[in-house]
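Encoded as structure tokens, the structure appears first; notes follow it.
Any read-out appearing in this document is the output of simple, stated calculations on the displayed coordinates, not a laboratory observation. No experiment lies behind these values; they were computed from the predicted model shown. Glycine gets a Cβ as well: all are built from the backbone with ideal geometry, and neighbour counts include every protein chain shown.
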Amino acid sequence: MTEHYDVIIVGSGAGGGTLAHTLASSGKRILLLERGDFLVRDMDNWNPASVFVDGKYISADTWYDADGKPFQPQVHYFVGGATKLYGAALYRLRPEDFGELKHADGVSPAWPLSYDDFEPWYTKAEWLYQVHGSHGEDPTEGHYSKQYPWPAVSHEPRIQEISDALGAAGYHPFHAPCGILLDEASRPASQCIRCTWCDGYPCLVHAKSDADVISVRPIMDQPNVTLLVNAEVQRLETSPDGRTVTSVVVSRGGHQERYEADVVAVAAGAANSAAILLRSASGRHPDGLANGSGQVGRNYMYHNSKAVVALGKERNDTVFEKTLGLNDFYLAGNGREWPLGNIQMCGKSNAEAMKGEEPKLTMLAPHWSLADVAGHAVDFWLTTEDVPKPGNRVTVDSEGSVHLAYAPTNATEATGLYHELRKILNHVGMADHHVLDKNFYLSMDIPVAGVAHQAGTCRFGNDPATSVLDVNCKAHELDNLYVVDTSIFPSIGAVNPALTAMANAIRVGEHLLDRMT
């Protein structure tokens, strides 16, 4: 007999895990399907060679680019989804991101909701994920109804020097919003020890505010919640009239299983959520489920990002570096024709990672010399918005394999942001010629493999002709199908997308509570 639930959620990351947490207290029967398993805690969690050289936590998936060339996408399938290895930078989009923005390579369309509409759920997400920050420091941020639940993580001495120098030069540095379980006043052993192994690493001590730790594990003891791991959703089947999803077809342990629910929410990530809908094509939905508009899989976005190392004369013995952000160039103005994006810190360079990243260049370099270079490094992450383009899209072939056609946009803006960083370095005591590119996504044969900030393949909107989902993220063409991850984004902005996905999942969860009640 096929098991029946009130809600089936596909994926346990920022969208799916948060949605499950929002619904759990309702008493409704919830089935959470996760393609991967729990990420094992061992010392490799904090081993640069294991994480960045061996790619221990990267899926063995094979996807194909626009020319049919196979590649290994940098995706992670675990309970908690991509948040298990994210940098826990939990930014809100700027108010302007919710409206139409003109860029060098096109227009980012407006969202069907304004920032003011979205703000209450941002606050709820910040409190659920225990974000550390200080609202009011960044002049580009929107209004806030409540201060962060935890004070900003303090800068270590070298980062504080940089922040002070930026302020003195007329810039507006702010404390980056961090999702870590840290109480700097007492710091019990069960919480964050403020180590360097955060950005891009799993957290060995479960002190990162990821969807596994914050949303999924706390609801596992509730009798109405069932989690199935190693359960890969193949497709969705519908009623004869095509209006209702009747079953979710799952591959698990070498067998095919079917589950039924009154409501089905897909939150498998922008590429995989689109692929599931496309693989669910039928007589009623010949081009894929919910794809009457032809928009499923289209408008794929991925931030135009660059990691940079600046070398200074002073040593940088900072351990946890991701405490500083700068949005002075986020929007157009002050002589800038285009929005350029966000500057923030990223994980601290270390000798082991350098060896792994450039084995040929560092083959003869002794460990002590690399350690000395790393000891003077200050690490920046630059993010420029990627404009949605219909030709940047996910498709599936007859075998159900994912094909991703993608070309980045806004190179002009990304270059402009890089040049602004080089100017900044002169104000903080680091000459702009002491700058190196830093690639933390290793063995990327083609840029399309870096999919950490993927978004946009099932955009939501008010017009069924140009969007896949309505304002509540329900498919226009189906009565019980929702998509609740970064797929829904009409535009991606220039800050990390995780908090927006979490906030939207809470919003949709509250809508579903009303619907089911």
ask   = Which whole-number percent is the relative contact order of segment 185-254 (Cα, under 8 Å, 6+ apart)?
value = 19 percent
ask   = Scaled to the compact-protein estimate 2.2 N^0.38 Å, what is the alpha-carbon radius of gyration of segment 3-516, rounded to two decimal places?
value = 0.94
request  = Sort 486, 123 so the one with the fewest other Cβ atoms within 10 Å of its own Cβ comes first.
outcome  = 123, 486
ask   = Against the longest alpha carbon principal axis of the chain, how many degrees, from 0 to 90 and to the nearest 10, is the axis of helix 115-128 turned?
value = 80 degrees
query = Between residue 222 and residue 422, 0.36 nm times their residue separation minus their Cα-Cα distance comes to what?
reply = 66.8 nm
ask   = Suppose R0 equals 35 Å; then what is the FRET efficiency for residue 470 and residue 160 from their Cβ-Cβ distance, rounded to the nearest 0.05?
value = 0.15
Distance from segment 259-315 to segment 474-517 (C-alpha centre basis), Å = 13 Å
remark   = Looking only at lysines whose Cα falls under 20 Å of residue 146's and that sit 8 or more positions away or on another chain, we get 124
Intensity falloff of segment 47-161 expressed as log10 I(q)/I(0), Debye formula with alpha-carbon point scatterers, at q = 0.12, 0.13, 0.14, 0.15 Å⁻¹ = -0.75, -0.85, -0.95, -1.02
note = Computed over the chain: longest principal axis from alpha-carbon atoms vs helix 411-427 long axis, angle to nearest 10 degrees, is 30 degrees
task = Divide by every residue of the chain the summed helix terms, -39500 (n - 2.57) for each DSSP H run of at least 4, and state the resulting mean residue ellipticity at 222 nm, rounded to the nearest 500 deg cm²/dmol.
result = -6000 deg cm²/dmol
query = Taking the DSSP beta bridges in the chain as the whole, what percent of them are antiparallel, to the nearest 5?
reply = 65 percent
request  = Just report the Cα centroid separation between segment 375-415 and segment 198-239, whole Å.
outcome  = 26 Å
key: Euclidean distance of C-alpha centroids, segment 152-178 and segment 32-64, integer Å   = 33 Å
